[in-house]
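Peer 1: Okay, handing you the structure first.
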2 protein chains.
Amino acid sequence: MAAEHSLTVKGAGGYGLTDQLSSRVPSIMKASPSRSVSGPAPDNREAIMLAAERVFARSGYDGSSMRDIAKEANVSQALLHYHFGTKEKLFDEIFSFRATEINRERGRHLDRLFADGAIPDLPQLIDALFRPTVELGHDPDRFGNFFSRILAASANSDDPHTKDLIAEHYDSTALRFISAFEKVLPGISREDAVWAYMFSIGVGMTMMARTGRTARLSNGICDDSDVELLLRKINLFVCGGLLKMAPAAKS
Amino acid sequence: MAAEHSLTVKGAGGYGLTDQLSSRVPSIMKASPSRSVSGPAPDNREAIMLAAERVFARSGYDGSSMRDIAKEANVSQALLHYHFGTKEKLFDEIFSFRATEINRERGRHLDRLFADGAIPDLPQLIDALFRPTVELGHDPDRFGNFFSRILAASANSDDPHTKDLIAEHYDSTALRFISAFEKVLPGISREDAVWAYMFSIGVGMTMMARTGRTARLSNGICDDSDVELLLRKINLFVCGGLLKMAPAAKS
DNA sequence: GTGCATTGACTAATCGATCAGTCAGGATAT
DNA sequence: ATATCCTGACTGATCGATTAGTCAATGCAC
């Protein structure tokens, strides 16, 4: 029974060990068929991120516990702290990874559409707005699009840190799309372009948070699991809204 | 007036004491000038609901603690359990009260618009869709529209109980609006009417979760605190989307 | 044997919920 | 009238469970 007071640390802020680890870029973060024969390395870090993504999508940030995530990933809870330090850093890393991936792809679409001074038509632009979020977040093996739910919850959050995450990862691409609206819709004011962008994102959120309400309200007629159909319907609606906000718009 | 217990609907549940209390309809739940002379009763029950509404709107359900709410309401934590039993019942009662109030008003608007077999024009119908949520949830004294944030979070939630709340309080009115879309937009399919309704709600969510992003993206040009302006912009966009989904639509 | 990955055991803090009990005030009995 | 009882409103203290986070010790590859 020696002095136990040596355990009373609590004050130290930094996680020197995990700080350098957190800069490691997760290789794929998607379940790949090659995993089963890829070798002895279990790569628990990636497994934790995938498990956490599922749990966060299901229960939200505050509703998810590190124990739940550890159990989902089949590792000990301490390992989560070893790899990510804190719950918040774990969430941030998932968010940053997915958001960077998605917005890189959205930027590529914009580059392609406006290459050589071309002016794309509106449906193409709207497709670039939504498709990467749907396709990159979609896990072909499993059922749901987990990050979309996280994104939808984050977009509506009032928490300052969550707002910062959105601003950091999504604002620059958002401004590119707003400018694109001004080019594709001649005569629209900057103000209305911003409104239209926010409204369009709102429409997309309906799709991202798959709650099953569409099927319920339609007695099963509407199938929101058919991604291509969904993108087509959304495109139609959003194009209609955008054209209506532009003063000189063709029907 | 003998048996008032006929109001005790909630049959299930184990809080015999609070069950009959929970049927008490909160008189106003909004700060009213008549409160100052209404009597000596401080009506802490109402104060708790108002405080909880603010805390839930700020931090979400899981992010809010009964201690936070008690402190916000300036009462003891035990009083929350005395009046509402559990945290979940407290949330449900707030949600039910506001949702009932809002959808009663939305129904009244629909009754008026379709009275005597009349067919309203689309902007009027869209106004009925959103205005009650904005106006009834809006506390003129204070700053924010707290219930709108709760509603936006609930609409995107994956939690079964939260989904049930939405379905219970919002589905019947939603079906009325979907049928109204079919009447106002001749030729639109039932399927597209459902899609259009969900998309319109998505647009409205942008307004309800006031995150300040619109102002940030527009360098302050867009002011989302001007409710009338916001309703006008939303109306324009949503009408455009709806007309585009109807086969025989006038521009 | 050196360094990274991993774990079980642990801590302090916080959670929702419960408890016994205080207090004011109205009804009842004498 | 006044002593007694009852009830609704309310609180401080505390419960067991759960939380995020810590740490010494172990496994293991090279």
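The values are calculated or read from the model by the stated rules, or taken from the named source; none is laboratory data. Just so we're clear, the structure is a prediction, and the values are computed from it rather than from any experiment. With ideal geometry, Cβ positions are generated from the backbone for all residues, glycine too; neighbour counts draw on all protein chains shown. For the accessible areas, the whole protein counts, side chains as well, though only heavy atoms, and no ligand, DNA or RNA atoms are used. Shrake-Rupley method; radii C 1.70, N 1.55, O 1.52, S 1.80 Å.
Peer 1: Does segment B:181-195 contain any residue that is outside any helix (DSSP H, G or I), surrounded by fewer than 17 Cβ atoms within 10 Å (Cβ to Cβ) and away from every other protein chain (no Cβ under 11 Å)?
Peer 2: Checked segment B:181-195: at least one residue is outside any helix (DSSP H, G or I), surrounded by fewer than 17 Cβ atoms within 10 Å (Cβ to Cβ) and away from every other protein chain (no Cβ under 11 Å).
Peer 1: Can you work out which of the residues in segment B:86-133 that are among the aromatic types (Phe, Trp, Tyr) and open to solvent by less than 30 Å² (accessible area, probe 1.4 Å) is nearest to DNA strand C (Cβ to nearest atom)?
Peer 2: B:PHE91
A quick yes/no check of all residues on (1) more than 14 Å from chain B (Cβ to nearest Cβ); (2) within 16 Å of DNA strand D (Cβ to nearest atom); (3) part of a helix (DSSP H, G or I):
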{"residue": "A:ILE69", "(1), (2), (3)": "yes, yes, yes"}
{"residue": "A:GLU88", "(1), (2), (3)": "no, yes, yes"}
{"residue": "A:PHE97", "(1), (2), (3)": "yes, no, yes"}
{"residue": "A:ARG106", "(1), (2), (3)": "yes, no, yes"}
{"residue": "A:PHE130", "(1), (2), (3)": "no, no, yes"}
{"residue": "A:ILE150", "(1), (2), (3)": "no, yes, yes"}
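Peer 1: Are any of the residues in segment B:212-219 under 15 Å from A:LEU236 (Cβ atoms) and in contact with a Lys or Arg (Cβ under 9 Å, 6 or more places away or on another chain)?
Peer 2: Among the residues of segment B:212-219, not one is under 15 Å from A:LEU236 (Cβ atoms) and in contact with a Lys or Arg (Cβ under 9 Å, 6 or more places away or on another chain), which makes the answer no.
Peer 1: Just one of the numbered conditions (1) at the interface with chain A (Cβ under 9 Å from one of its Cβ atoms); (2) modelled with pLDDT under 95; (3) open to solvent by less than 20 Å² (accessible area, probe 1.4 Å) is not true of B:ALA246; which one?
Peer 2: That leaves (1) as the condition not met.
Peer 1: Here is a further query. Which of (1) modelled with pLDDT under 95; (2) within 16 Å of DNA strand C (Cβ to nearest atom) does B:SER148 not meet, given it meets every other one?
Peer 2: Status for B:SER148: all satisfied but (2).
Peer 1: What do you reckon, is B:LEU165 more than 9 Å from chain A (Cβ to nearest Cβ), closer than 21 Å to A:ALA215 by Cβ, part of a helix (DSSP H, G or I) and of a type in the set (A, V, I, L, M)?
Peer 2: Yes; evaluated as a whole, the condition is true for this residue.
Peer 1: A follow-up question, please. Considering only residues that are free of Cβ contacts under 8 Å to residues at least 60 places away in the same chain and part of a loop (DSSP other than H, G, I, E, B), look in segment A:74-85 and name the one that is surrounded by the fewest Cβ atoms within 10 Å (Cβ to Cβ).
Peer 2: A:ASN74
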